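Only one structure is covered here, and it is reproduced in the block below.
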Amino acid sequence: MRMPSHSEMLAAMQSDDSRYNGKFFVCVKSTGIYCLPSCKAKRPLLKNVKFHATREEAIRDGFRGCKRCKSEFYPDVAPDWLGPLLTLMRSRTHTRITEKELANRAGVDISTIRRYFKSYMNTTPTTMHRNIRLEHAHSLLKRGSDYLTAVYDAGFESPSGFREAFVKRYGYPPSTRKLREMVAGNNPL
């Protein structure tokens, strides 16, 4: 694989462009660390920057992985706390999970969790959990559950809030003909 041009690599590094992750590694001579182009650590002086095509080249040249962007584990760079949080979200379809509870479970500040979800999952943790609960309610309705049972079983506090969230997620209200057809098996989604 051919590395991008030097100016392209500099631009990618300076804009924290994740599209270049894995295409090259940014090595910082003053610290002895190699990073992904998208690393959010303080930008090094350009005179201290060296580029390598592969992680192996960077290691052979005496650099070690960055703890912030976890360059030594790329492309598997998920933080340790992510798996347990996703498991918690998937298992709690009946109640809302507060941000405080997420932060306590992860052992990190909620701003770190929000930042990770926004950067790597294009959503927030609360939106993701609400969507998991909506999927649960949608499944209940498809199986013939009544509206209010689905609302409260998915942890929503009001039918109107549930309806609004449902329409936003699925594009139709939960009591439409489309959903009734799905329940009857005429229009599977």
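The values are calculated or read from the model by the stated rules, or taken from the named source; none is laboratory data. Not measured: the values here are computed from a predicted model. Ideal geometry is used to build each Cβ from the backbone, glycine not excepted, and the neighbour counts take in all protein chains shown. Remember, those area values only see protein heavy atoms, side chains included, never the ligands or the DNA or RNA. Shrake-Rupley method; radii C 1.70, N 1.55, O 1.52, S 1.80 Å.
Worth pointing out:
- Selection of segment 85-98 for residues being of a type outside the set (Lys, Arg), surrounded by 16 or more Cβ atoms within 10 Å (Cβ to Cβ) and in a loop (DSSP other than H, G, I, E, B) yields 93, 97.
- Listed by first and then second residue, the pairs with beta-carbon distance under 7 Å, at least 6 apart or on different chains, first residue in segment 99-112 and within 11 Å of residue 125 (Cβ to Cβ), second assigned to a loop (DSSP other than H, G, I, E, B), are 103/109; 106/81.
- Scanning segment 1-16 for residues that are buried (at least 16 other Cβ atoms within 10 Å of the Cβ) and out of contact with any Lys or Arg (no Cβ under 7 Å at 6 or more places or on another chain) yields a total of 4.
- Test: residue in segment 60-78 that is open to solvent by less than 90 Å² (accessible area, probe 1.4 Å) and closer than 30 Å to residue 134 by Cα: yes
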